[in-house]
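What follows is one structure encoded as structure tokens, with my remarks underneath.
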Amino acid sequence: MIKSMTGFGRSEVSNQDRKITVEIKAVNHRYCDITIKLPKKLSFFEAGIRNLLKNYIGRGKVDVFITYEDYTESNVCLKYNERLAKEYYDYLAKMSDDFGIENDVRTSLLSRFPEVFTLEEQAADEEKLWEMVEEAVRTAAERFVETRIIEGENLKADLIQKLDGMLKLVEFIEERYPKIVEDYRNKLTNKVKELLQDTKVDESILLTEVTVFADKICVDEETVRLKSHISHMINILNENDNVGRKLDFIAQEMNREANTILSKVSDIEVVNKAIDLKTEIEKVREQIQNIE
């Protein structure tokens, strides 16, 4: 099955202490471009997250948003800086001696000086935290892929419909070719008879001229290749992963064949069908840009 490059996935993993939310969204891009926005507390997991996402994403401009909420209070503790408090006390005692004033320092006063008491956040258990992050990212990625598959199936159905229409246009051009040659032969014969009047027409000369004309406007190679490309594209649409680049290359080749037909044939019916063919090829190429 094919996948669209557009998709969205969201997941939440939580327990009594914390909650992690992951959102993944993507749009078309030539390569795989993943941008991850996550809190500083989880920044050391970025490499692991990228490696995990590689299992789910082949192409696309992907934005990953991760939020982290901590409900615990036990992860914060009070730290007492005894060395700094002693320095404060010693300097205050020196000031008392230097200026001959009473040293009225109390514990409550000393505790209010900067950095004597500080709140420090205890490091979370990295292994347990990674388990939550991995579960959230994996679940969001799986849901993200599901939306890509659904959209991919819609794209596949639309492409096959367009390819079937293109095949009919090619078949019309094939069927029209002998009629173009026959019309040319009749027109040439009538023109020669008109010019020569009662003189007998040399059939060998007419045959040579018609043969040259038929060879000049022959589009058998182009129609055969077009039908082959259409069949190949349908087969590729039934492959599993990363078919966008293959399809884009085939569409370019199909466009070249249509251009060659237009350059060879001046018959108005064939020209109109070839223009319709180029229009459908362009529509196919636009749709292919959405495929991973």
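With GLU135, GLU131, GLU127, GLU142 as the choices, which residue is surrounded by 11 or more Cβ atoms within 10 Å (Cβ to Cβ), assigned to a helix (DSSP H, G or I) and without any contact (Cβ under 8 Å) to a residue 12 or more places away in the chain?
Being surrounded by 11 or more Cβ atoms within 10 Å (Cβ to Cβ), assigned to a helix (DSSP H, G or I) and without any contact (Cβ under 8 Å) to a residue 12 or more places away in the chain holds for just one of GLU135, GLU131, GLU127, GLU142, which is GLU131.
Restricted to region 103-137, and to residues that are among the charged types (D, E, K, R) and touching a helix residue (DSSP H, G or I) at 6+ places or on another chain (Cβ under 7 Å), which residue is farthest from LEU52 (Cα to Cα)?
My answer is GLU115.
Would a scan of region 87-99 turn up a residue that is assigned to a helix (DSSP H, G or I), under 30 Å from VAL243 (Cβ atoms), out of contact with any Cys (no Cβ under 6 Å at 6 or more places or on another chain) and of a type in the set (S, T, N, Q)?
no
Right, PHE45: within 22 Å of PHE144 (Cβ to Cβ), surrounded by fewer than 16 Cβ atoms within 10 Å (Cβ to Cβ) and touching a residue at least 40 places away in the same chain (Cβ under 8 Å) or not?
When the stated conditions are applied, PHE45 does not pass them.
Output the number of residues of region 232-261 satisfying the condition of being among the hydrophobic types (A, V, I, L, M, F, W, C), surrounded by fewer than 16 Cβ atoms within 10 Å (Cβ to Cβ) and over 19 Å from the mean Cα position of the chain (by Cα).
Of the residues in region 232-261, 1 are among the hydrophobic types (A, V, I, L, M, F, W, C), surrounded by fewer than 16 Cβ atoms within 10 Å (Cβ to Cβ) and over 19 Å from the mean Cα position of the chain (by Cα).
In region 262-292, which residues are buried (at least 17 other Cβ atoms within 10 Å of the Cβ) and assigned to a loop (DSSP other than H, G, I, E, B)?
Listed by number, the residues that qualify are VAL265, ASP267, ASN290, GLU292.
Within region 48-88, count every residue that is loosely packed, with under 14 Cβ neighbours inside 10 Å, more than 15 Å from TRP130 (Cα to Cα) and among the charged types (D, E, K, R).
7
Go through the residues of region 179-191 one by one and say whether even a single one is at pLDDT 65 or above, surrounded by 11 or more Cβ atoms within 10 Å (Cβ to Cβ) and under 19 Å from MET166 (Cα atoms).
no
Working only within region 1-36, note down all residues that are under 28 Å from ARG245 (Cβ atoms), charged (D, E, K, R) and at pLDDT 90 or above.
Passing the criteria: GLU23, LYS25, ASP33.
Would you pick out the residues in region 262-283 that are over 24 Å from the mean Cα position of the chain (by Cα) and under 14 Å from LEU163 (Cβ atoms)?
ASP276, LEU277
The values are calculated or read from the model by the stated rules, or taken from the named source; none is laboratory data. None of these values were measured; they are calculated from a predicted model. Every residue, glycine among them, receives a Cβ derived from its backbone with ideal geometry; neighbour counts consider all protein chains shown.
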